[in-house]
Amino acid sequence: MNNLTYTAVKTTWGVIGDATPGGWTTDQDMTFDPSTGTWSVTVDLVKGSLKFRANHDWTINYGDNGADGILDAGGDNIQIPEAGTYVITLKLGVPDYTYSIVRKAFDHRAMFFTDGQSLEINDVGKFTDGYAVTKFKNITSTGQPGSDPTFVDTDFPLFRLADVYLMYAEAVVRGGSGGDITTAVNYINKLRERAYGDNSGDITADQLTLPFILDERARELYWEAQRRTDLIRFGEFTGGNYLWPWKGGVKEGTATDSHYDLYPIPASDITANPTLVQNPGY
């Protein structure tokens, strides 16, 4: 600062570690894509760990403290739980350096935009806090922009075959008659094979539980106005068993009272019909 000088270091990136073919001695070089601003490599990994580093040297290296998807300078080794072919992507973005490590067959329903976004939501009113979702986009079937430059005006899916499959599976797991577990598992695997592109995401009957179904509904139906009613039906919307950021107005999430499972009756409705009784807690 006193001399008003600066330096710039040109970098190329790679991954290194005992999970990679070169171990801790040889980098697996990544390729830069200027259209997306990301570095990536497809590589066969074994169970173990790895880190990102620049210019085949440890002077600039990144790991992940806390396994939260945000890279830290000199951070902890990133764990690879099982062998397979993985697509590794590095985003040197702002404000966070982020990465993804996914098996080549992966759940394509995970559609998130991270460029310029931070993972943590410190301000619920700030759009760049938290990752954005790219499930819907405002273009026509011919690729032309929609009628509104700000809000998506695509047709909203009101009732989907995927929802029918999920409802069937839930009814069977809850003990409903007229269905069977084999058919339920088959329906769920149809969804997952569409999402993964193959059967690598298939589940077994033992894995088809109510918590799994709730999670699968989130993966399949997010942004389709299902989550609130799903959480209420599964008994997770209120209380403290299931927390999410800013539940109850607290950044880390906090328990809420069960009366929030019901909305209040609008005052205008009560004024128009005095025989109505307000829902408890309001």
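Label the stretch 68-115 by shape, choosing from rounded, prolate and oblate, from the square roots a ≥ b ≥ c of the eigenvalues of the Cα gyration tensor; if a/c is under 1.5 it is rounded, and otherwise prolate applies when a/b is larger than b/c, oblate when it is not. Note, shape of the stretch 68-115 comes out oblate. For residue 91, the lysines whose Cα falls under 23 Å of its own Cα, not counting residues fewer than eight places away in the same chain, are 10, 51, 104, 126, 135, 137.
Return the FRET efficiency for the residue pair residue 83, residue 181: r is the Cβ-Cβ distance, R0 is 30 Å, and the value is rounded to the nearest 0.05. According to the calculation, E is roughly 0.45. For a straight C-alpha distance cut-off of 19 angstrom, the aspartates and glutamates reachable from residue 247 (same-chain residues fewer than eight places away being disregarded) are 120, 123, 129, 215, 230, 236, 257, 261.
Note on the stretch 11-110: with charges restricted to the Cβ of Lys and Arg (+1) and Asp and Glu (-1), its dipole about the Cα centre is near 220 debye.
Take the Cα of residue 265, step 7 Å toward its Cβ, do the same at residue 11, and the gap between the two points is 6.1 nm. For the chain, the longest principal axis of the alpha carbon atoms and the long axis of helix 210-221 meet at an angle near 80°. For the stretch 55-63, putting each phi into the Karplus relation 6.51 cos²θ - 1.76 cosθ + 1.60 with θ = phi - 60° gives couplings of 6, 6, 8, 8, 4, 10, 9, 9, x Hz, in residue order, rounded to whole numbers and with x for Gly and Pro. Can you bin the chain into rounded, prolate or oblate? Criterion: square roots of the alpha carbon gyration tensor eigenvalues sorted a ≥ b ≥ c, rounded for a/c under 1.5, prolate for a/b above b/c, oblate for the rest. Note, shape of the chain comes out prolate. Only helices enter this figure: runs of n ≥ 4 DSSP H residues, each worth -39500 (n - 2.57), summed and divided by the residues of the chain, yield -6000 deg cm²/dmol at 222 nm to the nearest 500. Distance between the modelled labels on residue 243 and residue 2, one decimal in nanometres: 4.8 nm (7 Å Cα→Cβ projection). Please work out the FRET efficiency for the pair residue 129 and residue 72, using the Cβ-Cβ distance as r and a Förster radius of 22 Å; give the result to the nearest 0.05. Computed FRET efficiency for residue 129 and residue 72: 0.70. Only the Cβ atoms of Lys and Arg (+1) and of Asp and Glu (-1) were treated as charged; on that basis the dipole of the stretch 216-282 about its Cα centre amounts to roughly 100 debye.
Residue 151 to residue 210: FRET efficiency via 1/(1 + (r/R0)^6), r the Cβ-Cβ distance, R0 51 Å, to the nearest 0.05? Computed FRET efficiency for residue 151 and residue 210 comes out at 0.90. Taking the C-alpha atoms only, the angle from helix 181-196 to the longest principal axis of the chain is near 40 degrees.
Under 14 Å of direct C-alpha separation, and excluding same-chain neighbours fewer than eight residues apart, residue 47 reaches these aspartates and glutamates: 18, 82. The C-alpha atoms of the chain define a longest principal axis, and helix 161-173 lies at about 70 degrees to it.
No value in this document is a laboratory result; all are computed from the given coordinates. For clarity, every value in this text was computed on a predicted model and none was experimentally measured. We place every Cβ from the backbone using ideal geometry, glycine too, and count neighbours over all the protein chains shown.
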